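The values are calculated or read from the model by the stated rules, or taken from the named source; none is laboratory data. Predicted model only: the values in this text are computed from it and were never measured. FYI the Cβ positions are ideal-geometry reconstructions off the backbone, even for glycines, and counts take in every protein chain you see.
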């Protein structure tokens, strides 16, 4: 396995941090590669070495965070609802800047739809795995209801500065999950 140069990793991290900060300040459409370059203290050439354009950068950044959430969730799925939910809220808390910026900022509206799509997939898989569902309600209706509610709660929690710790959110959301799935 080839060892990645630390300078490359450092540059990529600076670029990612810069785009998140810039999105928190202004609409994504208004951000230029030069803005990112200036904020990250790297050349435009360095950005283009790693990303085709700002859309590619944002897309890869979103995928990176959702992939990490997927890995956290896969590990958490071996647990009961509340501890699993707490692990996910802890991940969101530890990545507050990214998730709050993406959910609160209208400059990256497709993040919310990607996040909802991921949550729908996760809840569908969990529902099929546990085979726990109310047979009076269609599976797709349950999946979209739960995923939309979960994304809405996460969005509220993050955009309001995380008014409750992850443990409390896990208890509250866990109680709601149990009511839905039982």
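Worth pointing out:
- Among the residues of segment 74-86, the one identified as without any contact (Cβ under 8 Å) to a residue 40 or more places away in the chain and under 15 Å from the mean Cα position of the chain (by Cα) is 74.
- Residues that are closer than 15 Å to residue 158 by Cα and modelled with pLDDT of 90 or more do occur in segment 104-115.
- Residue within segment 111-126 that is within 10 Å of the chain's Cα centre (by Cα), over 25 Å from residue 140 (Cα atoms) and either crowded, with 18+ Cβ neighbours inside 10 Å or free of Cβ contacts under 8 Å to residues at least 24 places away in the same chain (or both) present: no
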